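What follows is one structure encoded as structure tokens, with my remarks underneath.
The values are calculated or read from the model by the stated rules, or taken from the named source; none is laboratory data. The model shown is predicted, which means the values in this text are computed figures rather than measured ones. Reconstructed Cβ throughout: ideal geometry from the backbone, glycine too, with neighbour counts over all protein chains shown.
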Amino acid sequence: MSRRGALIGIAGALLPSAVYGQKPTTTPHVGWLSAGSEPDPFLDAFREGLRALGYVEGQNVVLDVRHARGNLEALQAGAADLARLKVALIVSNLTAVRAARTIKDIPIVFTISGDPVEAGLVKSLSRPGGNLTGSTFLSLEIAGKRVELLKEAMPRLRSLAALSNTDHPGEKAELRATEAAAQKLGINLIYVPFSQSPFGSGPELDGGLDTVRRARPDAMVVFPEGATMANRTGLANFALAQRLPSMFGWSEYATAGGLMSYGASQRSAHARLAGYVDKILKGASPGELPVEQPTKFELVINVKTAKALRLTIPQLLMLRADQVVE
């Protein structure tokens, strides 16, 4: 090799690889797709999870955030935009996974309130098998426990309306668990089904509430999922106006004015999604990462609502509460 050729070779080795058309090592971009709005407590929780694992935004990870603000078209556009950007993976929570699932060439980490197998997201909880994995809030034991807790709060409870979105995967199994618990406690369960998209209130949910109103039950239990979550404040106000003690699935319902909630902590679950992201960024396949099920549950009691209903919550039940809303 000539002296001129050797010098060119040395200079080439010192230049950035992009000069030769090679893609440089870049900071991974993680997409966040939500059907909700900002401020987003679940995004905040996810960020906390990332920080706990050593990720610093702008240094070793970049978050590309898309909020649909309750608009289906905006949600679909957000999913398409993240796909176009070719982010390293997408984190989608609750109803947003319906839009994200159309993307087949990017790993997707999700939270879902229902059964991801029945929803067609994964082949099984232990081996998802595709490009999606994450966590589910569905727990049939908890569905029955909600009835038991409501009975503790209202020893004279005899009739209970169960407001349930049939568009929710796993709804039938959750209904059976609720019916079994009610029957065991001598409670007449009034099943009030409706079918509705989670994007805003609509005639189906309104019709369900009319059914509850006409049935005049002693209390109401609402199955947790996207549509009722989006309408949680309206549901809490309806229950209060009808003087109905209400039981919900997640703390966000109780802080919105519902009497009680019992279920998995959404905030904790979204923080734990960071663990999936960390593994996938390090080379793991989402199809081989088992879907996580909840193991820790929280009881929330809204004493302000109890006072408005003139309902005295037993002291032993109050002492078991993980959170009390004043």
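For this structure, a couple of remarks:
- Condition check for ILE280: modelled with pLDDT of 95 or more, touching a strand residue (DSSP E or B) at 6+ places or on another chain (Cβ under 7 Å) and assigned by TED's automatic domain parsing to the domain that holds ASN237: no
- Condition met for LYS279 (within 16 Å of the chain's Cα centre (by Cα) and within 24 Å of VAL91 (Cβ to Cβ)): no
- Where a residue in segment 271-295 is of a type in the set (Asp, Glu) and its partner, wherever it lies, is at pLDDT 95 or above and part of a loop (DSSP other than H, G, I, E, B), with Cβ under 7 Å and at least six apart: ASP278/LEU53; GLU288/ARG127
- If you filter segment 30-54 down to residues that are within 15 Å of GLY78 (Cα to Cα) and not in a loop (DSSP other than H, G, I, E, B), you find that the one that is nearest to the chain's Cα centre (by Cα) is SER34.
- Helices (runs of 4 or more DSSP H) within segment 89-193 that include 1 or more residues at pLDDT 95 or above and either within 29 Å of PHE238 (Cβ to Cβ) or not assigned by TED's automatic domain parsing to the domain that holds GLY226 (or both): 140-153, 171-184
- Listing of strands (runs of 3 or more DSSP E) fully contained in segment 215-326 that carry 3 or more residues being among the small types (Gly, Ala, Ser) and crowded, with 24+ Cβ neighbours inside 10 Å: 260-264
- Residue match in segment 113-129 (condition: more than 30 Å from ALA162 (Cα to Cα), free of Cβ contacts under 8 Å to residues at least 60 places away in the same chain and touching a Lys or Arg at 6+ places or on another chain (Cβ under 7 Å)): no
- Any hit, segment 128-135, residues being surrounded by 15 or more Cβ atoms within 10 Å (Cβ to Cβ) and under 25 Å from THR255 (Cα atoms): yes
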